[in-house]
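So the structure is just underneath, and the comments pick up after that.
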Amino acid sequence: MLITLFIITDLLLILFSLKYAWWYPKVSFNKTRIMMYHMISNQPKKGKKSGLKVTPEMFEKQLRYFKDNGWKFIKMSELKDHENDTKVVAITFDDGYLDNYTQAFPLLKKYDACATLYLVIDRHQNDWSIKKNPKHNTGVLAEEEKLSDDNIKEMLYSGVFELGGHTITHPYLPNTPLDDKKHEMIECKNILETTFNTKVSSFAYPFGIYSDEDVKIVETSSFESAVTTNEGVANADTPFELKRIKASGKDNFYAFKLRVQKGFRGFI
Ligand SMILES: [Zn+2]
């Protein structure tokens, strides 16, 4: 009986250790953390939890954690200026969901924080998930409300947000011919800068999927940095393949803290 209890306790401890990797070494706080968010929204009442939706309560808790522990919030264009500073965090949002305005914006203001929004230009009624996998044709993404240009102008003029490029239509780059790729990646910068009368210096690869050829396109255009969805702490030596820390809607607060400290999501 006692032995069974020991075995169960050990198994639980092993599972916990694999999931949260609490034993994994911390990454120096001299390295900037780039956080990746998509939506700040409550989870659907039915069905599976979405990793893309961090609840407003959890987002506020995370902002408070950064603020109370002496982290400095920066935008992606300020990355180089803070290369050697301690506890620097860049909050980023991908795609351009309406809740970035209704939910995230007031909370960022409340905590004196700022963020970079990687905006898809053709974002309305565009279910880009099918471009990566035709089986994803659920229509769920197209139904999610997106930001209007007026929302974005208000976010930019407040000084809280800056824009980053995330292509025009969110294509799946491995299937996209070179000329179209160049157009999607370089022209999105020009369109954003003209539409919103702003400077765009950072890029995010759609779906986080990219090749050496794509890195070269971004590098030889006038972008200064590019972010991926590869999990980890950003390495300043590879400014066009910056890793990010995923803020997942499936994570509890403990998992979030571990990810920030270690840049690592655990093994399971
Ligand atoms: Zn995206």
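The numbers here are math on the coordinates, done by the rules we state, and not lab data. Not measured: the values here are computed from a predicted model. All Cβ positions, glycine included, derive from the backbone under ideal geometry; neighbour counts span all protein chains shown.
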task: For residues that are within 16 Å of the ligand (Cβ to nearest atom), among the hydrophobic types (A, V, I, L, M, F, W, C) and surrounded by 15 or more Cβ atoms within 10 Å (Cβ to Cβ), tally how many sit in the range 158-214.
output: 10
query: Can you find a residue in the range 24-36 that is buried (at least 21 other Cβ atoms within 10 Å of the Cβ), within 19 Å of the chain's Cα centre (by Cα) and away from the ligand (no atom under 16 Å from the Cβ)?
result: yes
field: Selection from the range 1-48 of residues that are touching a residue at least 24 places away in the same chain (Cβ under 8 Å) and either of a type in the set (Gly, Ala, Ser) or part of a strand (DSSP E or B) (or both)
entry: Ala21, Arg33, Ile34, Met35, Met36, Tyr37, Met39, Ile40, Ser41
